[in-house]
Amino acid sequence: MAANNRRMSGKKGAQVGSGGQRRRGLEGKGPTPPAEARKGHKKNRIANSKAKQVQRRPAPRGRGGKGTSEMVVGRNPVVEALREGVPAVTLYVQQFIDNDERVREALQLVAERGGVHLMEAPRPELDRMTNGLNHQGMVLQVPAYEYAHAEDLANAAYDKGEDPLIVALDGVTDPRNLGAIVRSASAFGGHGVLVPERRAAGMTAGAWKTSAGAAARTPVARATNLTRALEAYKKAGLAIVGLAADGDTEVGELAALEGPVVIVVGSEGKGLSRLVGETCDFRVRIPMPGGGESLNAGVAAGIVLYEAARKRS
């Protein structure tokens, strides 16, 4: 009866079986979250709206991608690569190697350059790294080349207030030709070289060496589809000029070289591929009074680049 009277009374107090809920209700809930995190707050709605806009925004255009890292193997190739400024990550030297003049020069070049790791490795490890090649106790690891995007080449020219002068290679598979063309493009004011992603020479150590340092100043871009890249250049207002032995116009007579232009060089044997040839606005030939059938791709590109630079001066 007493318990019943207590429940019926009007006095305030904790009810039987509350489990301390009121006590927990009085406890603090921690620091107040910022306005951006509070549901329903104006700043929270603004933050959510910005996040949705970012999600809907197209992803930024990627670069032309990376090549693959490679190994320069052997004492003479390693020394030559270091002399020519080929980028390097690590120089591996065999343990207990005969310390001849080439080894000493390689070590000195690495020390002077800085930023290249020097690693000592046993011969079996170098054999494994090089798949059994005759490394002579020295292996240089060259990093993957960072290709530009095709649009970067034209944009870089416009940023300088210049008409783009770009060289595109169609079917050129010799890295030394690529290096020579990069060197010519740099010498005659070119803004870059475009290569296809497949069945084409890339920026290997050999291309770096042939460029004689020009690859550090002149970008090389890579296109998944060369024809589509050339069509995009056309829409942007660049003239596409293909070199062909049966071209309609001699290179010295082509006024288009004075403006924004892409010079397309084919392989020495097959020339321009059909689709690329059909994409060209002009097909020009290099006159050869001596009667030669064709020119090396690097030489041909150098001649046309010189003519373009002459017309623009």
Could you pull out which residues in region 97-115 have an amide N less than 15 Å from a spot 7 Å beyond the Cα of residue 123, following the Cα-Cβ vector? 97-99
Along the dipole axis of region 125-258 (charges at Cβ: +1 for Lys and Arg, -1 for Asp and Glu; origin at the Cα centre), the most positive-end residue among 239, 252, 201 is 201
Can you give the Rg to Rh ratio for region 66-200, taking only C-alpha atoms and Rh from Kirkwood? 1.07
Sparse-neighbourhood loop sites, GluC sites (Glu not before Pro) in region 92-183 - DSSP loop, at most 15 other Cβ within 10 angstrom: 162
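Using Cα pairs closer than 8 Å and at least 6 residues apart in sequence, work out the relative contact order for region 161-313, in percent.
Details: 311 pairs, mean separation 45.0, N = 153.
Relative contact order, region 161-313: 29 percent.
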Work from the charge dipole of region 120-193 (Cβ charges, +1 for Lys and Arg, -1 for Asp and Glu, about the Cα centre) and give the residue of 192, 142, 154 farthest towards its positive end. 142
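As an exercise, use a Förster radius of 25 Å and the Cβ-Cβ distance of residue 228 and residue 160 to find the FRET efficiency, rounded to the nearest 0.05. If you can, show how the numbers build up before the last one.
Numbers: r = 26 Å, r/R0 = 1.03.
Plugging the Cβ-Cβ distance into 1/(1 + (r/R0)^6) gives 0.45.
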Per 5 angstrom bin, beginning at 0 and ending with the bin that holds the maximum distance, the Cα pairs of region 149-306 fall in percents of 2, 10, 21, 25, 23, 14, 5, 1, 0
So what are the ³J(HN,Hα) numbers for region 300-305, from phi and the Karplus equation (6.51, -1.76, 1.60; θ = phi - 60°), rounded to whole Hz, Gly and Pro as x? 4, 4, x, 5, 5, 5
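In whole percent, how big is the carbon plus sulfur part of the accessible area of region 160-313, probe 1.4 Å, protein atoms only? All intermediate terms of the calculation are to be shown ahead of the outcome.
On the way: 3300 of 6980 Å².
With neighbouring chains kept in place, the figure for region 160-313 is 47 percent.
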Please list, by residue number, every one of the trypsin sites (Lys or Arg not before Pro) in region 183-219 that is coil in DSSP and has at most 13 other beta-carbon atoms within 10 Å. 198, 199, 217
Given the protein chains as shown and a 1.4 Å probe, how many square angstrom of residue 191 are accessible, to the nearest 10? 20
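The values are calculated or read from the model by the stated rules, or taken from the named source; none is laboratory data. Quick caveat: nothing in here was measured; it's all calculated off a predicted structure. Counting neighbours? That spans all protein chains shown, and the Cβs are built from the backbone with ideal geometry, glycine included. Protein only, heavy atoms only, side chains kept; ligands, DNA and RNA dropped before computing areas. Shrake-Rupley method; radii C 1.70, N 1.55, O 1.52, S 1.80 Å.
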